[in-house]
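*Asks:* The following block contains the structure, expressed as structure tokens.
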Amino acid sequence: MQFTWINYPNQYEAELEHWCDETIRYALDDDSIKKEHQWYINSHEYTFNENYFCKVVLDGEAVVAFVMLSTRTDEHKTHFTENLICIDTFIINPALRHQGYAARIITELVQNTVKIVPFENNVFIAQIHKNNNISKKLFEKLGFLFIYTDAEVNDDWFDWIYPASAEKRYLAWRE
């Protein structure tokens, strides 16, 4: 693995909060990274490092990304034999954007999931805001497939799935 993936530590909290300008604040429902993380921690649906993961990605000593992942292993099993992993929040250090980090990090996540979170045999869902054209192009380039459902007609977020072969099962699960 090229990057070091660590659990969200308090020592990086101030730096990560500084990344949250208006351009990405909508991804956090106008909250901070800390508040979003606390919401998951306090939720009865999620258990930290079991079905919710909050990771800081390092390249050497440099903090390059922040990633929140969740999985729903029980509710989707009638349609999937794989683990459904949602890429809930993905933020690249603003000083390092447009340098290829995002593609390398997502590729590493997909190829080395079991080293990052304890799940094998995975289907990934990335929820991307309808106006986030850079992320849409990135995930499409990496092999994610745009999924449109009737439920999303009035929504600002759209799902992208990987691998594309899981599309029909995902749509059946969402219905």
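*Asks:* Which one, (i) -0.29, -0.75; (ii) -0.27, -0.66; (iii) -0.33, -0.76, gives log10 I(q)/I(0) by the Debye sum over Cα atoms at q = 0.09, 0.14 Å⁻¹ as derived from the coordinates shown?
*Replies:* Entry (i).
*Asks:* If I take every Cα pair under 8 Å that is 6 or more residues apart in segment 4-174, average their sequence separation and divide by the length, what percent do I get for the relative contact order?
*Replies:* Result for segment 4-174 is 17 percent.
*Asks:* Still on this structure, I have one more. Give me the number: length gained by fully extending M1 to R97, i.e. 0.36 nm times residue separation minus the C-alpha to C-alpha distance, one decimal in nm.
*Replies:* 32.5 nm
*Asks:* Let me ask something additional. Could you calculate the contour length gain from N131 to W39, that is, 0.36 nm times the residue separation minus the distance between their Cα atoms, to one decimal place in nm?
*Replies:* Full extension of this stretch gives 30.6 nm more.
*Asks:* A further question on this structure: Using helices alone, I'd like the mean residue ellipticity at 222 nm for the chain: each DSSP H run of four-plus residues gives -39500 (n - 2.57), total over residue count, nearest 500.
*Replies:* Estimated from H runs of four or more residues: -8000 deg cm²/dmol.
Only the coordinates and a few stated rules stand behind these numbers; no lab work does. Only a predicted model underlies this, so the values are computations on that prediction, with no experimental measurement involved.
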